[in-house]
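Worksheet: one structure, shown below.
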Amino acid sequence: MRLEAVPYPPDTAVKAKPKSSPAKSVAIHLVNLLCRPTRIRRRAIWSAFALTGVLFLIIERRHADDLQLTVSTLGGYVPYSISDAISHYGEVEQVEQNRWDDVVDPNSGSSVKKPKFHLLIPTPDTNASANLCKTLMSAAILNYPPPTLIHYGDAGGAFTRPGADIVRNVFSFLLGKEAHDDDLILVVEQESWFQLPAEVAVNRFFHGLQDSNELLLKQYGQNMTSNETANLSTDSPKYTQKVLFGAQKQCSNPRADPACNSVPQSSLPKDIYGPQTDRHPSGRYNRPHFMDSNMVMGRVSDLLPIFKLATELLEFEDIGKYGSQHIFSQLFGEQEYHRALYLNSIAPKSRWRQWMNSKTEPSNTPPPVPGRNYELGIGLDYASSIFQIMDNSAKDVKSMRFDNASIIASPSKLSAASFKTPPHLPPDLTLSRSPFSLHQVSAPNPSPPFSALDNLPEENISWAEIQLATNLIIPGSSVPAMLDYRGEEGLMRNTWREMWYFEFGRALMRQYIRSPQGPIAASSGDKWWDLRGGKGGVWDERGEWREWMDVCAGTSDELFGDGKGLFGMEDESVGGEKPVHTTSGERISGQDHPETEAKSKEEGLARQKHMGHDVETPAVQGNKNPTLPTEDIRTANQNNDEENY
């Protein structure tokens with residue numbers, strides 16, 4: 001049988017399907033799979049969850065790295081001398097073997113002198129203000145060395161450029177006979193209040209250098225330097241941090257300057273203030289990562305090149321007209337810019353990357369100056385462990401106790417893990433002496449003698465039991481060693497009475513006056529204070545000693561707020577010493593108000609004249625012990641000088 005093909009009707013002919021792209025086909029296939037409750041759909045969903053979890057772990061790990069500096073600066077160690085701190089943390093660079101040798105005989109003329117601690121306070125005002133005296137009082141109570149006032153009493157400077165005189169005078173001090181290369185220098189604002197002891201600040205400084213240099217080593221690597229004599233090559237860090245400045249929330253320079261766009265980001269979490277972090281126009285929610293040049297700590301040899309360069313720029317360059325804050329910020333920005341150039345020089349480059357770098361480099365960056373060293377070892381206190389700049393940070397800092405602290409609400413998601421437990425007292429404060437036993441009195445007959453003015457809490461009161469200004473926005477919290485209130489006059493008036501020592505200020509100052517040097521200065525014979533023979537007052541930059549009453553006589557009411565009169569001249573009714581006078585009206589013991597003492601002298605002179613005695617007014621210079629008889633003054637002053645040097 002023969003089969004014949006039957007043609008399709010014209011209207012039923014098979015039509016060719018349109019061609020589809022491979023990408024479209026794959027997309028349609030995936031959509032169809034996800035639309036059906038199959039095993040593949042479940043796997044895709046679980047894969048998405050797993051990927052999200054991995055991302056969160058990466059973010060948390062990065063967050064933990066960001067907090068490394070914050071946590072590590074609160075180490076459980078407190079030194080009792082600068083050489084003690086150096087031997088514990090090690091030197092940043094190779095130095096002479098005996099540089100920090102504690103065994104060297106201090107009486108030997110050939111021995112290396114141990115480093116001292118100097119406190120410098122620039123004072124552009126011609127007279128001391130109550131705010132300056134609050135700074136001096138807090139420094140004395142917390143065992144800082146007697147300050148040197150920079151530019152104090154000068155009616156007018158030689159330069160009209162802002163801050164030029166102060167920078168030049170600090171530079172002159174660094175070059176002077178009182179400062180040695182290894183000495184530690186702390187420069188603070190005259191409106192800065194100390195909160196923690198000197199040994200805590202010193203420990204945090206050296207510990208912070210150690211942590212920062214570990215991070216710099218990871219980021220920039222090492223230098224290879226050859227020792228031709230020994231035919232060896234040694235590795236040294238490419239960059240190191242040696243000097244610490246304060247960190248503020250806003251840049252003081254134009255936005256295009258390296259001071260604003262080349263500086264590193266803060267080590268704090270990127271969302272520490274939530275979505276507004278680093279975007280607030282007034283800086284309220286910015287992380288502090290711009291330089292504040294008014295607070296600085298470092299050794300003389302490391303500060304000298306910075307202040308030398310700043311002095312030259314302020315005095316001789318056109319850029320100096322913008323002032324010292326601008327200059328120091330520019331130096332820091334240029335340092336970081338050239339560090340970035342180094343990283344760029346060793347990184348693999350593509351044409352696209354080179355083009356992008358050319359477009360994003362700071363437009364105001366000056367060309368490199370031949371022979372100039374841009375590496376100055378500058379770092380900032382991002383975690384505010386030493387310097388808390390209060391500008392734009394008033395709402396970050398609260399006064400609190402740690403013995404009954406409650407959980408603080410987390411300001412951001414990334415910080416949530418760090419806020420699950422109440423804030424804890426920094427470990428270095430648990431090892432520090434009690435706040436009410438920082439000055440030990442060993443003399444059998446202390447002066448001034450103990451009285452009702454000396455009532456203090458028990459010596460075993462811990463730091464956790466007193467009110468401490470605490471930055472709660474930093475994960476884990478930060479208790480700064482000092483607070484800078486520059487430009488925050490209203491805030492200063494409201495918070496002075498919240499400082500832990502305010503209620504006991506007079507008694508603590510009397511305790512300080514009694515102790516000849518303070519325990520930290522005399523530890524193991526290592527006198528690391530700036531002791532030039534004075535205590536209870538200040539030095540000016542000319543090396544002249546000024547007594548407390550010469551500088552802060554009229555500020556007692558505002559400083560102590562207890563209504564007990566001038567410090568050191570309290571009335572007998574409130575616990576002051578009963579004055580004892582000779583027949584000529586001279587006070588030989590106790591304290592007298594100046595008007596009362598003058599009246600007693602007048603009455604004594606009149607009484608002697610009435611009795612027919614010859615009257616002479618003795619003029620004795622350099623009497624450091626006015627309660628001693630005249631014939632013992634020379635011996636007492638000589639003993640004081642021998643003790644203090």
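Here, each number is a calculation from the coordinates, and none is a lab measurement. Model, not experiment: these values are computed from the prediction. Cβ sites come from the backbone with ideal geometry, for glycine too, and all protein chains shown count toward neighbours.
Numbers at a glance
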quantity: Ranking of Thr277, Thr470 by count of other Cβ atoms within 10 Å, fewest first; calculated: Thr277, Thr470
quantity: Label-to-label distance, nm, for residues given as Ser406 and Glu317 (7 Å Cα→Cβ offset); calculated: 5.3 nm
quantity: Out-of-range pairs (alpha-carbon distance over 24 Å; input Lys218/Lys270; Lys270/Lys420; Lys270/Lys321); calculated: Lys270/Lys321
quantity: Exposure proxy order (Cβ contacts within 10 Å, fewest to most) of Phe194, Phe402; calculated: Phe402, Phe194
quantity: Arg486 long-range amide H proximity, modeled H, under 5 Å; calculated: Met390
quantity: Full-extension gain in nm, Gln440 to Leu456, via 0.36 nm per residue minus C-alpha separation; calculated: 4.4 nm
quantity: For Lys242, residues with placed amide H under 5 Å, excluding near neighbours; calculated: Ile378, Gly379
quantity: Charge dipole (debye, nearest 20) of segment 134-212; +1 at Cβ of Lys and Arg, -1 at Cβ of Asp and Glu; calculated: 200 debye
